[in-house]
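Report on the following structure.
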Amino acid sequence: MTFDPYASSRETTEGTVFSVTGGDWDSLVTEIGEAKEERIIVNMGPQHPSTHGVLRLVLELEGETVTEVRTGIGYLHTGIEKNMEFRNWTQAVTFATRMDYLSPIFNETAYCLAVEKLLGITGDVTERASAIRVLMMELNRISSHMVALGTGALELGAMGPMFFAFREREMVLDAFEAITGLRMNMAYVRPGGVAQDLPAGMTSQLRELVKTLRKNFKDNAALLIGNSIWMKRTEGIGYLDLAGCTTLGITGPVLRSTGLPWDLRKMQPYCGYENYEFDVITADTADVYGRFLVRMNELEQSLRIIEQVLDRLDTLDGQPVMVADKKIAWPAQLALGADGLGNSLDHIREIMGSSMESLIHHFKLVTEGFRVPAGQAYAAVESPRGELAAHVVSDGGTRPYRVHFREPSFNNLQSTPAMSEGGMVADIIGAVASIDPVMGGVDR
Amino acid sequence: MHMYGAAVDWNGINCEVTKSIEGVYLVGLEDKLPSGILLSTVEGLAGYMRKSSVWPATFGLACCAIEMMALGSAPKHDISRFGMERFSASPRQADLMIVAGRVSQKMAPVLRQIYDQMTAPKWVISMGACASSGGMFNNYAIVQGVDHIVPVDIYLPGCPPRPEQLMDAIIKLHALIGDTKLGPNREAIIKEVELAALNAKPTIQMKGLLA
Amino acid sequence: MTHDQSGMFGASGTGDTSGYGGLVRTQASFGSAERPYGSYFDQVADDLERAYPDFSDAITRVVVDRGELTLHVKKERLVEVAFILRDRLKFEMCMGVSGVHYPERTGQELVALYPLLSLTKNQRIRLEVATSDLDPHIPSVVEVWAGNNWHERETFDMFGIIFDGHPGLTRILMPDDWDGHPQRKDYPLGGIAVEYKGATTPAPSERRSYR
């Protein structure tokens with residue numbers, strides 16, 4: 001056929017490849033009409049409103065049916081793990097926290113638990129610090145599930161839940177700001193405890209928050225559960241049973257939607273989770289709707305845990321939030337002064353005026369950092385997406401020798417072909433949304 | 001800088017459409033309109049209309065994207081007040097690219113392609129420290145500032161910047177858009193800016209008190 | 001880690017006048033742990049010995065440290081041991097592959113770690129496989145635990161360990177035509193000097209710092 005600059009085609013070993021640059025649509029259509037096959041390769045590129053982040057999906061379609069899905073990741077690779085090797089153990093928390101940016105507290109906690117294991121101070125972390133860690137983690141679980149539900153609904157076409165979800169999320173972020181100073185990427189959990197204590201009156205504020213959230217979650221649920229469009233779009237979609245989950249190493253709501261009640265908070269408790277009463281939510285349909293229900297119900301369980309933690313925190317008032325060992329504990333105390341949050345003047349008076357030892361500790365900890373005995377440790381937490389673990393290798397120095405994060409989204413995203421092949425194009429979006437991958441964690 | 005010209009009938013006025021590095025504009029229109037005071041009225045009107053309904057392209061990459069989503073969807077910070085709630089996934093229909101998040105080496109060509117696919121007039125806000133300068137990730141994997149790849153109009157620091165800070169950046173961008181000159185005034189400003197950029201002192205030479 | 005570390009600061013030679021440069025710290029190397037290992041590790045070791053007669057030949061070292069059991073496996077036996085661990089000892093899930101690069105351990109520089117999790121027994125162990133830089137091949141366990149597909153690709157991308165038998169070993173995090181394996185210790189962190197007015201601060205890997 002004559003050369004057409006707008007719709008050229010060429011023969012390859014895989015068949016005819018058409019290059020479409022706009023222009024003459026008619027000649028393209030006639031060309032395709034002559035071809036016998038209907039296989040189309042579509043690139044849902046890294047920039048896409050519905051791929052939940054910078055994820056690239058290369059789809060082979062036959063009509064509306066997907067025959068092959070290939071996932072391309074790496075578009076957000078930041079070299080966080082290598083960067084952490086050049087910072088001391090406490091500074092590395094600021095890098096860890098930006099990995100899975102929807103659940104920063106979980107990243108920090110996994111890393112800090114691994115470092116504390118290496119230091120051998122897991123038993124020395126104060127009860128109050130552990131309780132505050134649990135509080136922050138459960139609040140973070142709520143805010144992360146809100147984004148998951150909101151964006152998942154948005155990607156499937158429902159815009160209302162997004163506004164409701166973000167309204168709830170803003171309330172939780174306000175709580176984060178009051179406690180840590182930042183809405184996201186707080187670097188609040190440090191090896192040895194947490195950076196600073198809760199401000200005065202925070203527990204009663206949080207009780208109000210829990211009451212409001214409990215009421216508001218009913219709005220979210222009412223929008224989607226029972227909605228016939230939502231049910232048709234999510235029931236039976238993205239099926240992945242228990243065998244598939246275990247061989248792919250999938251944990252979290254995806255695993256619990258198959259019926260297995262595997263939750264690290266119950267099975268291998270950390271940070272004092274064994275002291276709190278809550279249920280492990282499962283579903284038995286192993287589809288998008290099941291995972292959606294798991295996430296919705298986990299919100300209520302998180303609220304239960306938060307209430308129990310608040311009661312506990314009230315009894316532990318006045319306890320320190322860092323380990324007692326001054327050679328490890330992060331020295332700075334922050335206080336609200338006339339010009340904003342800054343170094344507590346009492347602390348400065350102490351280190352400059354009265355205690356030489358405190359000054360030395362402060363200096364050495366901030367410049368050099370503490371030394372961690374050589375060895376390796378692996379600590380896992382149950383993040384909103386699954387098992388998030390930090391594998392930390394130390395060579396005895398002030399800087400991590402190697403930190404590797406086992407990110408749940410990295411494993412969970414591998415199941416996209418298993419969930420989507422054989423289904424329709426529109427169901428891929430639902431399947432990916434139900435996995436809830438956070439590309440920052442996938443690519444690190 | 002002519003690339004091609006085509007005769008066009010715009011509301012009964014015959015003019016020519018030319019394409020240059022700044023974008024498409026109706027050259028003939030300026031010839032037909034009176035210059036001076038009345039041109040500034042046209043500038044004001046065009047600027048007002050352009051800034052009132054900027055459609056951002058979804059280019060959320062990492063943590064900043066979540067704050068951008070909070071600005072877009074949270075009832076607390078409502079981007080609809082600017083008429084910008086319609087995030088455009090298709091770059092062809094987008095005016096503003098908010099580069100929200102860290103740009104990795106793999107993502108850089110994609111970023112440039114999306115920018116190229118946007119139609120003029122277009123603006124870029126580099127949101128957050130990672131987009132503006134590489135942020136805390138000074139390493140092999142991250143492009144140290146998207147201004148290596150696309151021309152940036154507003155740099156917004158923060159890690160991540162609060163939605164209110166992003167709103168402030170958008171308001172400043174609106175002021176910039178509203179003041180855009182047309183026709184010969186625009187060419188004059190472009191010449192000025194280029195001259196200033198060519199003569200600008202690099203940061204390391206601005207010794208200040210050290211000199 | 002059996003090498004001696006000397007000095008406290010990053011700079012060696014001239015410039016360090018603190019006197020700490022003469023400090024020598026010897027690293028303790030771990031021998032194999034002695035029975036009883038404690039907690040469930042004895043049961044795991046007994047089950048493995050019963051199910052796998054060549055246990056003492058394949059497992060070169062057993063390390064029990066900080067409440068975790070690490071089995072050092074010879075790389076040729078890795079797939080056999082993996083199948084037995086998965087089928088007989090019920091370690092159904094592998095939490096991925098973690099690579100570490102020890103440039104000082106000649107002959108054993110590249111290490112791949114496989115954390116395993118048993119859902120039925122609620123136990124965790126770890127497998128460690130070492131190989132040399134000159135022959136960076138380790139058999140792939142994708143047929144045992146399919147989820148390791150991407151993990152092995154990532155370890156190849158970041159460390160250069162080639163997994164024999166992997167269905168498609170290509171780069172996953174870096175661009176496909178990238179040179180080098182970034183997380184090796186001999187690969188620079190990259191990064192540029194931060195420019196201030198009149199001075200620069202070197203990139204994080206170039207600064208004088210504590211070890």
Just for the range C:79-94: of the residues that are charged (D, E, K, R), in contact with a helix residue (DSSP H, G or I) (Cβ under 8 Å, 6 or more places away or on another chain) and under 20 Å from C:Ser140 (Cβ atoms), which one is farthest from the other protein chains (Cβ to nearest Cβ)? C:Glu80
Across the range A:355-376, the tally of residues that are buried (at least 24 other Cβ atoms within 10 Å of the Cβ) and at the interface with chain C (Cβ under 10 Å from one of its Cβ atoms) stands at 1
Would you mind stating whether C:Glu76 is away from chain A (no Cβ under 11 Å) and open to solvent by less than 10 Å² (accessible area, probe 1.4 Å)? no
State whether one or more residues within the range A:218-231 are open to solvent by 20 Å² or more (accessible area, probe 1.4 Å), assigned to a helix (DSSP H, G or I), closer than 16 Å to A:Ala433 by Cβ and basic (Lys, Arg). no
Just to confirm my filter: which strands (runs of 3 or more DSSP E) fall fully inside the range C:1-104 and include at least 3 residues that are over 19 Å from C:Lys121 (Cβ atoms) and at pLDDT below 80? C:4-6, C:24-26
Looking only at the range B:88-112, which residues are more than 8 Å from every other protein chain (Cβ to nearest Cβ) and open to solvent by 30 Å² or more (accessible area, probe 1.4 Å)? B:Ser90, B:Arg92, B:Gln93, B:Asp95, B:Pro109, B:Arg112
Looking for whichever is buried (at least 22 other Cβ atoms within 10 Å of the Cβ) and of a type in the set (A, V, I, L, M, F, W, C) here; the options are A:Met136, A:Met171. Which one fits? A:Met136
Being touching a strand residue (DSSP E or B) at 6+ places or on another chain (Cβ under 9 Å) and open to solvent by 10 Å² or more (accessible area, probe 1.4 Å): is that true of A:Gly423 here? yes
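Is it the case, given these coordinates, that B:Leu166 is open to solvent by less than 70 Å² (accessible area, probe 1.4 Å), within 14 Å of another protein chain (Cβ to nearest Cβ) and touching a strand residue (DSSP E or B) at 6+ places or on another chain (Cβ under 9 Å)?
Yes; evaluated as a whole, the condition is true for this residue.
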Which residue pairs have Cβ atoms closer than 9 Å, lie 6 or more positions apart in sequence or on different chains, and pair a first residue in the range C:195-208 that is at the interface with another protein chain (Cβ under 7 Å from one of its Cβ atoms) with a second residue that is surrounded by 14 or more Cβ atoms within 10 Å (Cβ to Cβ) and outside any loop (DSSP other than H, G, I, E, B)? C:Thr200/C:Val194; C:Ala203/C:Val194; C:Pro204/A:Asn83
Name the residue, out of A:Ala178, A:Ala200, A:Ala243, that is open to solvent by 20 Å² or more (accessible area, probe 1.4 Å), away from chain C (no Cβ under 14 Å), part of a helix (DSSP H, G or I) and small (Gly, Ala, Ser). A:Ala178
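Quick grid of which residues meet (1) charged (D, E, K, R); (2) within 14 Å of chain C (Cβ to nearest Cβ); (3) in a helix (DSSP H, G or I):
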{"position": "B:Ile114", "(1), (2), (3)": "no, no, yes"}
{"position": "B:Ser132", "(1), (2), (3)": "no, yes, yes"}
{"position": "B:Tyr140", "(1), (2), (3)": "no, yes, no"}
{"position": "B:Leu173", "(1), (2), (3)": "no, no, yes"}
{"position": "B:Leu176", "(1), (2), (3)": "no, no, yes"}
{"position": "B:Thr180", "(1), (2), (3)": "no, no, no"}
{"position": "B:Glu194", "(1), (2), (3)": "yes, no, yes"}
I'm checking my understanding of the structure. Among residues of the range A:107-120 that are more than 16 Å from A:Arg183 (Cβ to Cβ) and open to solvent by less than 10 Å² (accessible area, probe 1.4 Å), which one is nearest to the other protein chains (Cβ to nearest Cβ)? A:Leu118
Among (1) within 11 Å of chain B (Cβ to nearest Cβ); (2) of a type in the set (S, T, N, Q); (3) surrounded by fewer than 21 Cβ atoms within 10 Å (Cβ to Cβ), C:Thr120 falls short only on (1)
In the range B:49-87, residues that are facing chain A (nearest Cβ under 9 Å) and not in a helix (DSSP H, G or I) total 11
Find the residue count for the range C:161-211, including only residues that are open to solvent by less than 30 Å² (accessible area, probe 1.4 Å) and farther than 20 Å from A:Tyr75 by Cα. 6
All but one of (1) in a helix (DSSP H, G or I); (2) touching a residue at least 60 places away in the same chain (Cβ under 8 Å); (3) away from every other protein chain (no Cβ under 14 Å) hold for A:Met136, so report the exception by its number. (2)
Working only within the range C:29-43, note down all residues that are surrounded by 13 or more Cβ atoms within 10 Å (Cβ to Cβ) and either closer than 26 Å to C:Arg105 by Cβ or touching a helix residue (DSSP H, G or I) at 6+ places or on another chain (Cβ under 7 Å) (or both). C:Phe30, C:Ala33, C:Tyr37, C:Phe41
So, in the range C:44-73, exactly how many residues are within 22 Å of the chain's Cα centre (by Cα), over 23 Å from A:Ala374 (Cα atoms) and open to solvent by 60 Å² or more (accessible area, probe 1.4 Å)? 2
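Only one of C:Val111, C:Val97, C:Val62 is touching a Phe, Trp or Tyr at 6+ places or on another chain (Cβ under 9 Å), within 11 Å of chain A (Cβ to nearest Cβ) and without any contact (Cβ under 8 Å) to a residue 40 or more places away in the chain; which?
Numbers: C:Val97 fails: without any contact (Cβ under 8 Å) to a residue 40 or more places away in the chain; C:Val62 fails: within 11 Å of chain A (Cβ to nearest Cβ).
Going through C:Val111, C:Val97, C:Val62 in turn, the sole match is C:Val111.
Conditions tested, residue by residue: (1) at pLDDT 90 or above; (2) surrounded by fewer than 21 Cβ atoms within 10 Å (Cβ to Cβ); (3) in a strand (DSSP E or B).
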residue	(1), (2), (3)
A:Glu37	no, yes, no
A:His48	no, yes, no
A:Gly53	no, no, no
A:Val58	no, yes, yes
A:Val66	no, no, yes
A:His77	yes, no, no
A:Met99	yes, no, no
In the range A:83-95, what count of residues is obtained for those that are more than 10 Å from chain B (Cβ to nearest Cβ), closer than 15 Å to A:Tyr401 by Cβ and open to solvent by less than 10 Å² (accessible area, probe 1.4 Å)? 4
Need the failing condition index for A:Arg385 against (1) buried (at least 20 other Cβ atoms within 10 Å of the Cβ); (2) among the basic types (Lys, Arg); (3) farther than 18 Å from A:Thr97 by Cβ, just the number. (3)
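The values are calculated or read from the model by the stated rules, or taken from the named source; none is laboratory data. Treat the numbers as computed from the prediction; the structure is a model and nothing was measured. Cβ: placed from backbone, ideal geometry, glycine included. Neighbour counts: every protein chain shown. Surface areas here come from the heavy atoms of the whole protein model, side chains and all, with no ligands, DNA or RNA. Shrake-Rupley method; radii C 1.70, N 1.55, O 1.52, S 1.80 Å.
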